[in-house]
């Protein structure tokens with residue numbers, strides 16, 4: 001196979017994995033067969049089954065609808081319904097498939113404006129009376145996108161499920177097919193009406209979890225079970241072998257009579273992570289650039305530097321005034337925690353009380369990225385005077401009234 005390094009010989013194994021050897025290690029190499037690049041095969045026309053519902057798949061990129069390209073050794077995206085059926089044969093036994101390409105992009109290229117584009121595509125597909133929608137996306141910002149869409153989609157008559165793949169389809173351990181098929185089964189067999197995520201529940205090919213849009217975090221860069229609910233639990237489980245669906249929570253959103261969308265998002269909202277050795281200019285930036293909202297991912301229970309217990313930290317005395325000027329400029333500033341589990345409690349330490357006195361809003365137990373998209377959505381759809389109240393209200397399952405103690409909080 002073609003190699004990006006001229007000193008490496010790259011081979012494709014029968015199991016789908018690639019293996020490389022340094023040229024100096026190769027004592028002999030023979031060409032068994034030479035072949036020109038394959039032309040794309042014509043695909044058979046799909047005949048729709050009138051007895052099956054229709055699912056729309058919206059594509060934004062990622063590996064979920066990709067397969068190996070043996071000319072380059074990479075993966076090539078396939079978006080047409082015929083191509084999807086050729087990739088995932090089982091889909092035609094579950095539903096008729098429609099597809100729409102929104103964008104071909106990495107998920108780290110997402111902007112707030114893309115969520116509005118996806119919302120318009122959802123509106124088009126709902127008007128066609130589809131049974132449900134699957135949104136294929138790269139996994140790195142999939143959970144953030146799910147949270148954003150959960151606020152944009154105020155009511156839904158159908159399930160809207162975001163699906164990704166941690167392993168590309170040229171690998172023997174690809175999770176693309178199972179995640180997609182489990183999402184389709186969930187859509188066709190339940191009365192769920194809202195936004196959720198479908199990904200591997202465990203490292204094995206046993207079950208997929210239907211995860212809450214606002215309470216899910218990608219906790220691992222490559223594992224197939226990287227997506228886990230935080231301060232919450234999965235909504236449901238889909239057994240890949242039996243196709244049985246088990247709901248794990250009773251309070252899931254059910255299908256509404258009609259779709260209600262509020263797709264506007266405020267672009268000038270940022271996120272700042274607190275770290276050691278900070279400077280007041282890092283906060284002043286958001287005032288100078290006229291940001292309308294800022295999420296602070298604070299330490300512990302929701303803190304920033306601001307006191308000067310010794311001469312080395314004297315610069316911190318300028319941070320609280322910088323925050324105060326930012327709040328006074330009209331910017332809504334919300335505190336979350338950089339801890340994955342747990343939440344903010346700014347009443348425990350004097351630092352937290354100082355920050356509340358400056359006008360910082362508690363983000364409770366919201367994940368930082370969920371708070372980011374919630375604040376963006378609120379600023380675009382509600383008056384500024386309502387923002388503090390609404391940030392503290394549980395609108396889409398993003399806030400727990402009380403976090404229950406779990407001996408093993410990782411599962």
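Using only the Cα atoms of the stretch 184-266, build the gyration tensor, take square roots of its eigenvalues as a ≥ b ≥ c, and label the shape rounded, prolate or oblate: rounded if a/c is under 1.5, else prolate if a/b is larger than b/c, else oblate. Mind dumping the intermediate values first?
Values: a/c = 2.08, a/b = 1.25, b/c = 1.67.
Oblate, because a/c is 1.5 or more while a/b does not exceed b/c.
Taking a ≥ b ≥ c as the square roots of the eigenvalues of the Cα gyration tensor of the stretch 54-261, is the shape rounded (a/c under 1.5), prolate (a/b larger than b/c) or oblate? Judged from the Cα gyration tensor, the stretch 54-261 comes out rounded (a/c under 1.5).
Pull out the extension gain between residue 345 and residue 382, defined as 0.36 nm times the separation in residues minus the alpha carbon to alpha carbon distance; nm, one decimal.
This chain segment gains 10.8 nm when fully extended.
How many angstrom lie between the Cα centre of the stretch 188-232 and the Cα centre of the stretch 129-144? The stretch 188-232 and the stretch 129-144 have Cα centres separated by 12 Å.
Among 225, 175, 365, what is the fewest-to-most ranking by other Cβ atoms within 10 Å? Let's see the in-between values first.
Working: 225 18, 175 28, 365 25.
In increasing order of surrounding Cβ atoms, one gets 225, 365, 175.
Restricting things to alpha carbons, find the Rg to Rh ratio for the stretch 269-391 using the Kirkwood radius for Rh.
On the way: Rg = 13.5 Å, Rh = 14.3 Å.
A ratio of 0.94.
Remark: the stretch 73-165 projects, on average over all directions, an area of 6.6 nm² (convex hull of Cα atoms). Size estimate for the stretch 210-323 follows the Kirkwood approach: the inverse of mean 1/r over distinct Cα pairs works out to 18.6 Å. The label point for residue 393 and the one for residue 21, both projected 7 Å from the Cα toward the Cβ, are 6.7 nm apart. Using a cutoff of 8 angstrom between alpha carbon atoms and counting only pairs six or more residues apart, the relative contact order for the chain works out to 12 percent.
Here the sum of -39500 (n - 2.57) over DSSP H runs of 4 or more residues, divided by the residues of the chain, equals -7000 deg cm²/dmol at 222 nm, to the nearest 500. Neighbour counts of C-beta atoms inside 10 Å place 126, 26, 333 in the sequence 26, 126, 333, starting with the fewest.
Figure the gain on full extension for residue 6 and residue 243 (residue separation times 0.36 nm, minus the Cα-Cα span) and round it to one decimal in nm.
Separation in residues times 0.36 nm, less the Cα-Cα distance, equals 80.6 nm.
With r defined as the distance between the Cβ atoms of residue 400 and residue 105 and R0 fixed at 35 Å, what FRET efficiency is calculated, to the nearest 0.05? So, using R0 = 35 Å, E works out to roughly 0.60.
Residues 156, 362, 107 in ascending order of nearby Cβ atoms (within 10 Å, fewest first): 107, 362, 156. Which of rounded, prolate, oblate describes the stretch 330-411, given a ≥ b ≥ c as roots of the alpha-carbon gyration tensor eigenvalues and a/c under 1.5 marking rounded, otherwise prolate only if a/b is larger than b/c? Note, shape of the stretch 330-411 comes out oblate. For the chain, the mean projected area of the C-alpha convex hull, equal to one quarter of the hull surface, is 25.3 nm². Between 0 and 90 degrees, the angle of helix 142-152 with respect to the longest Cα principal axis of the chain falls at about 70 degrees.
Every number here is computed from the coordinates shown, using simple stated rules; none is lab data. None of these values were measured; they are calculated from a predicted model. Cβ: placed from backbone, ideal geometry, glycine included. Neighbour counts: every protein chain shown.
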